[in-house]
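See structure below.
Any read-out appearing in this document is the output of simple, stated calculations on the displayed coordinates, not a laboratory observation. What you see is a predicted model, and the numbers here were worked out from it, not measured in a lab. Positions of Cβ are backbone-derived with ideal geometry, glycine not excepted, and every protein chain shown enters the neighbour counts.
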Amino acid sequence: MQQLWEQLLAPILDSVRYATLASYTWEQPRLLLLLPLVPLLFVGRWLLAQRRRSRLGVAFVRGQIPRDWSTLLRFLPDLVLALSLAFGLLALARPQRTDERVVQTGEGIDILLVLDVSGSMELQDLRPNRLEAAKRVAREFIDGRHGDRIGLVVFAGDAYSLAPLTTDYDLLRDNLQGLRLGMIPNDGTAIGTALGVATNRLRDSHSPTKVCILLSDGENTAGSLDPLTATQLAHAYGLKLYTIGLGQDGIVPYGKDEAGQPRFVETRLDETTMRQLAQAGEGQFFRATDNAGLRQVFGRIDQYEKSEIKQTRYRNTRDYYRIYLFWCVGLWLVWLGLKNTFLTNALED
C-alpha cells in the first residue's frame, strides 16, 4: 500500500519541483504572473466577508475557550481550491520541452591558427598583454565558426602542433586557455619552422580551402627554415596564408621594475617579411596595434573565408500541461466534495 501511495505521489512532487518547472519553455509565460494572486483571492474574500458580515454580541462564560487541532480543518477546502487554481494556471501556461536536431550539409574549410608565444608576447601595448589579447580574439574567432576544422600551432624558438584539425571547439578553447609565456623553453621567433609544421599538418587535408593564420610580433630569429621558403612550400600544397603583425613599433610598456615603476623596451616588427609571406601565400597582411584593431582583423578574415554549410533543424515539441490539468480537475472535484461536509460553514457560504 505504501509503495502504491509513493507511486501516485511521486509524479505530482516531481512536477512541482523547481528544477522541473525551470526546465520547461512556456507557451504563455505571462499567465505564471497570476500565481501570486491565488492566495490574494482568499485574502480579499475574507476581508469582504469581515466587512459585510452581521455581528451578534454573545456573552461567554469566564475562562478560555478550548482549542483543538481539528479546527484547522476548516481551512482545508480553501487550500484545496487554491491548489486547483494554481495547477490550472500552470496548465494554461502550456509547459513544453523542445528537442532540436541539426543536420548539416556541405563541407567546411580547414583553418590552422599559428600563434607566437615567445617572450616578446608579454609586452603590454595590447591589454593585458599581446598573448592574452591574441588568445581572447582567437576564442571569439572560433566561436563564430560552424562546421570548419580548426587546428592550433604554437611557436617560439621551436614550433609544435598543439591541437590537430578538429571540429571539437571545446578542445580548442581549452588548448587556447592553457597557452602561457615560456611554455616553449627555447625562446625566439621561428616563423619558418612554424609554417613548416603548419604545412605538414595541412598537406594531407582534402578540404577545397586550406587557410593558415599566422600571428607574430617580431622577426624571424630562430629555426633552420627560411620563412619565405616555408611559405612557398605551403602554397605548393594549396595553403592560403594570412599574416597578422601584433603590437606597435618603438618604446612600449613591459611590466614593472623592483620599485613598482613601469618598464619600457624598444620593439620592432619585421613588417616587410610579413607582407612578403602573405603575398607569397596569396593571402593578406594585417597590422594590429591595439585590441580593437586585432578584433577587426579577425573579423575581416572571418568574412573572407566563409564555408558553405547548410543547416536543417528538426524541432520536436512535447506538451506537459496534461499532468497539471489532471491535478487541477481532480482537486476541483475534491473541493466540491468537501463543500458538502462539516468542513464548510454553510451559513458563511
For the stretch 205-289, state which chymotrypsin sites (Phe, Trp or Tyr not before Pro) are in a DSSP loop and have at most 14 other beta carbons lying within 10 Å of their beta carbon. TYR237
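Let me make sure I get this right: for the stretch 169-268, a, b and c are the square roots of the gyration tensor eigenvalues over alpha carbons, sorted descending. Under 1.5 in a/c it's rounded, otherwise prolate if a/b > b/c, else oblate. Which is it? Show your work: numbers first, answer last.
Details: a/c = 2.50, a/b = 1.79, b/c = 1.39.
Prolate, since a/c reaches 1.5 and a/b exceeds b/c.
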Can you give the FRET efficiency to the nearest 0.05 for ARG300 and GLU258, using r as the Cβ-Cβ distance and R₀ = 56 Å? 0.85
Based on other C-beta atoms within 10 Å, arrange GLU271, GLU132 from fewest to most. GLU271, GLU132
One computes Rg over Rh for the stretch 179-333 from alpha-carbon atoms, with the Kirkwood Rh, and obtains 1.31
